[in-house]
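Just so you know, all these numbers are worked out from the coordinates, no wet-lab data involved. It should be emphasised that the depicted structure is a prediction, and the values quoted were computed from it without experimental measurement. Cβ coordinates were reconstructed from backbone atoms using ideal geometry, including for glycine residues, and neighbour counts include every protein chain displayed.
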Amino acid sequence: MEIITSSKAMQERALQLKKQGYSIGFAPTMGFLHEGHLKLVTQSLQENDVSVMSIFVNPLQFGPNEDFEAYPRDVERDKKLAENAGVNILFLPERTEIYPNEPSFEINVKNRTGVLCGRSRPGHFNGVATILIKLFNIILPDHVYFGMKDAQQVAVVDSLIKDFNFPIELIPVETEREEDGLARSSRNVYLSDEERSQAPHLYKGLQKGSEAIKKGEVNPSSVIHIIENYIKTNTNGKIDYIEILSFPNLDTLEQIHGKIIIALAVKFSKARLIDNIILEIHS
């Protein structure tokens with residue numbers, strides 16, 4: 001596995017690969033890798049000549065009261081996992097390499113952000129869009145891979161690629177789960193033993209809502225009520241939100257129809273967990 005730390009060197013390597021006719025698959029991450037990240041690589045390896053992973057904890061997407069300094073990091077472990085997964089090139093820049101100066105421009109994401117996590121994290125997706133524009137221009141991928149656990153991020157990346165005419169295909173990858181259904185996340189390490197035993201009920205709650213819709217329930221409020229009751233009964237977590245929206249546009253719905261997302265966020269003592277289910281409802 002090749003490790004590159006310089007933006008210029010990474011871009012030159014990408015240009016060289018493109019001139020040789022190689023396709024590039026790209027999995028952007030913030031490190032502390034788990035099976036969900038490695039699943040992105042597995043799919044990229046099947047669909048591209050060269051697979052690139054980046055590890056960069058992006059300060060721009062953390063709010064003033066969020067866990068940038070506490071975000072879990074273990075670069076040596078990540079290098080081994082990336083190499084074992086088959087990553088061809090690991091892009092591992094320092095903060096000063098990505099942001100050498102105060103940026104002259106600000107990216108403002110207007111749509112698909114005022115719901116779900118975006119509502120309580122103002123500026124978060126501006127930071128996500130900023131780093132992705134930089135990484136797309138450095139790595140020049142043909143395909144980019146994102147996990148569906150953060151479906152709002154997938155929706156924002158979809159509009160970013162279209163609005164800026166990036167010649168990139170977005171490949172959403174199904175959420176990787178533990179055996180008990182809990183979505184894999186770098187933040188799961190913050191759960192206490194009791195919270196870890198309760199956390200799988202988030203996905204079970206979503207499944208309860210999904211079952212109600214499949215049985216014919218079309219009122220979003222009724223489905224949300226079912227999920228809310230289940231989670232309150234089975235966990236000590238504090239519900240941040242439960243929403244049912246169109247996907248990927250993330251519009252509110254009077255009635256459930258078409259392609260939708262049922263999404264939630266629940267706060268435990270030291271971890272805020274998100275999860276979702278995507279459904280296609282035909283009337």
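Just a few scattered comments:
- Positive contributions from Lys and Arg (+1) and negative ones from Asp and Glu (-1), summed over other residues with Cβ under 15 Å from the Cβ of Asn234, come out at 0.
- Peptide ranges 266-276, 59-69 listed from the most packed, as the mean C-beta count within 10 angstrom indicates: 266-276, 59-69
- Positive minus negative residues near Leu160 (Lys, Arg vs Asp, Glu; Cβ under 15 Å): -1
- Dipole moment magnitude, nearest 20 debye, the chain about Cα centre, only Lys, Arg, Asp, Glu C-beta charged: 240 debye
- Simple Cβ-charge dipole of segment 186-278, Lys/Arg +1 and Asp/Glu -1, about Cα centre, in debye nearest 20: 220 debye
- Each Cα pair under 8 Å and six or more residues apart adds its sequence gap; the mean of these over the residue count of segment 2-173 is a relative contact order of 30 percent.
- Across segment 31-116, Cα pairs under 8 Å and at least six residues apart give a relative contact order of 40 percent.
- Nearest 10 degrees, 0 to 90: helix 35-47 Cα axis against the chain principal axis: 60 degrees
- 29 Å Cα-Cα threshold exceeded, pairs from Lys8/Lys259; Lys110/Lys215; Lys162/Lys214; Lys208/Lys270; Lys134/Lys238; Lys208/Lys238: Lys8/Lys259; Lys110/Lys215; Lys162/Lys214; Lys134/Lys238
- Look at the alpha carbon pairs under 8 Å that are at least 6 residues apart: their mean separation over the length of segment 125-252 gives a relative contact order of 20 percent.
- Dividing the helix sum by the residues of the chain, where each DSSP H run of 4 or more adds -39500 (n - 2.57), gives a mean residue ellipticity at 222 nm of -12000 deg cm²/dmol.
- Most positive-pole-ward Cα, Asn236, Ser192, Gly209, against dipole of segment 186-278 from beta carbon charges: Ser192
- Residue by residue, segment 139-148 carries 3J(HN,Hα) couplings of 9, 6, x, 8, 10, 10, 10, 10, x, 6 Hz when phi is fed to the Karplus relation 6.51 cos²θ - 1.76 cosθ + 1.60 (θ = phi - 60°); x denotes Gly or Pro.
- Taking every DSSP beta bridge that has both ends in the chain, the antiparallel portion is near 50%.
- Shape of segment 1-103, Cα gyration tensor, a/c cut at 1.5: oblate
- Summing Lys and Arg as +1 and Asp and Glu as -1 over all other residues whose Cβ lies under 9 Å from the Cβ of Thr5 gives a net charge of -2.
- Between amide H atoms placed 1.01 Å from N, distances below 5 Å from Phe146 occur with Ile171, Val173, all of them 5 or more places distant or on a separate chain.
- Alpha-carbon centroid distance for the pair segment 131-149 / segment 57-98, whole angstrom: 15 Å
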